[in-house]
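Here is the structure we will look at.
The values are calculated or read from the model by the stated rules, or taken from the named source; none is laboratory data. Source: prediction; values computed, not measured. Here Cβ is always computed from backbone atoms with ideal geometry, including for glycine, and neighbour counts include all displayed protein chains. These area figures cover heavy atoms from the full protein model, side chains too; ligands, DNA and RNA do not enter into them. Shrake-Rupley method; radii C 1.70, N 1.55, O 1.52, S 1.80 Å.
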Amino acid sequence: MCQLLRYGVALSVALLSLTANADLQQQLDALEPGTTFQLPPEQVASLALRVPGVTVSCHPDTVIDGGGQGNAVDIVAEEVTLSGCSVRNWGRDLNELDAGIFVARESRGVVVEGNRLQGPAFGVWLDAAPDAIVRNNTIRGDASMRPNDRGNGIHLFNTTGALIEDNRIRQTRDAIYIETANGNVIRGNVMADLRYGIHYMYSMDNLLEDNVTRGTRTGYALMQSKRLKVFNNRSENDENYGILMNFITQSELRGNVVTGVSQGQTAGVAIDGAEGKAVFIYNSLYNTFEGNVFAESNIGIHLTAGSEDNEVFGNAFLNNKRQVKYVATRTQEWSRKGEGNYWSDYLGWDRDQDGLGDVPYEPNDNVDRLLWKYPEAKILMFSPAVDTLRWVQDTFPVVKSAGVADSHPLMRIPADLQPEH
């Protein structure tokens, strides 16, 4: 009898909870457009916002619990605002696009602001919903899962006119994923402990500025995209790449700071001989690099696979173990209108005191290429044989290979690129 009573009490509580949530959904569906509604200070189940123009906020004690399935919040109306909510425990099926907050494509002008999300799949999914604002949210993935099995913190699919600003994201797969999404602004986000901080695929005319990545495997993965403006971002101690560019054209990278890319890891496991690269540029042409700092990394810039005709000037390359790695058939001039870059290992002179080196800076030669091809030869780095090879290529330029040349190297770091103390 007591056992039956306990089951009866549990069933009654469950029925009351279902009834309460049904009543809550009915209240939300009955709202007039343009009204404001606060969710009660308790745990509530998944809900949908279907009335245009409403503002839904949460009491500090409100928790929206997805029950481990599907989306915790569905937004399916225009001009809806959701703010100040704690959202957790939504589904984990990436194929079904399970998300903490799912914004449907008919939901123009949605604002998702000041929420706290923690769960296994996607945090916020914008499904071709134009003109969305996702701002000042804290998003955390499920650290018990393999990184590749987690969802992205914020995912833009075919979205235009979005503002993704001042979010804090960690332990998801990628923090912000931009897929076939044009004309968006990604600004002021802080991202850590991820595969990629920001990941672009097939996206055009986006502005990426004032973001920070820390301890990711790749800070900024820019792929198959055009006309990106990448301004004033930071990559701090990311593992493999600070900035990875793959098939990027007609883009501008200005004022970015990349430091401490030196591990060369995959999935958190150090690889013997791997090289951490501040910037890796693969088959990317007609881009401009100006006013950036690439510092304290294994390699400053690595260019390959036809990455030519890029403008590189006014940058500072500081204390990288190897400033440039580049093998190609055509020499690349890295200065513009008499302005080159600052190189911390430049050994030239400035006799006329105009602030420019009198001899070009040429970071790669035949000896460098020999050591890239046969790394075991590094034990001969300071031997008479290597010194002789360098003397021969300088004395007989006919044997000199194409590479990077900075004809006007800067003797001092530009004032606006001075490292912070």
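For segment 281-368, what is the percent of antiparallel DSSP beta bridges, rounded to the nearest 5?
5
Using θ = phi - 60° in the Karplus curve 6.51 cos²θ - 1.76 cosθ + 1.60, the 3J(HN,Hα) couplings for segment 22-35 round to 4, 4, 5, 5, 5, 5, 5, 5, 8, 5, 7, x, x, 8 Hz; x is entered for Gly and Pro.
Each residue of segment 312-320 was assigned a 3J(HN,Hα) from its phi angle through the Karplus expression (A = 6.51, B = -1.76, C = 1.60, θ = phi - 60°), giving 10, 7, x, 9, 10, 10, 10, 6, 7 Hz with x at Gly and Pro.
Evaluated with a Cβ-only charge set (Lys, Arg +1; Asp, Glu -1), segment 67-207 carries a dipole of roughly 560 debye about its Cα centre, given to the nearest 20.
Computed with a 1.4 Å probe over protein heavy atoms only, the accessible area of residue 356 comes to about 40 Å².
Percent of accessible area on segment 18-150 owned by carbon and sulfur, 1.4 Å probe?
On the way: 2580 of 5720 Å².
Of the solvent-accessible surface of segment 18-150, carbon and sulfur hold 45 percent.
Summed over the residues of segment 308-354 and divided among them, the accessible surface reaches 54 Å² per residue at a probe radius of 1.4 Å.
In the context of the full set of protein chains, residues of segment 126-244 present 33 Å² of accessible surface per residue (probe radius 1.4 Å, heavy atoms only).
For segment 305-355, which whole percent of the accessible surface, found with a 1.4 angstrom probe, sits on carbon and sulfur atoms? Spell out each step's value before the answer.
On the way: 1210 of 2650 Å².
Here it works out to 46 percent.
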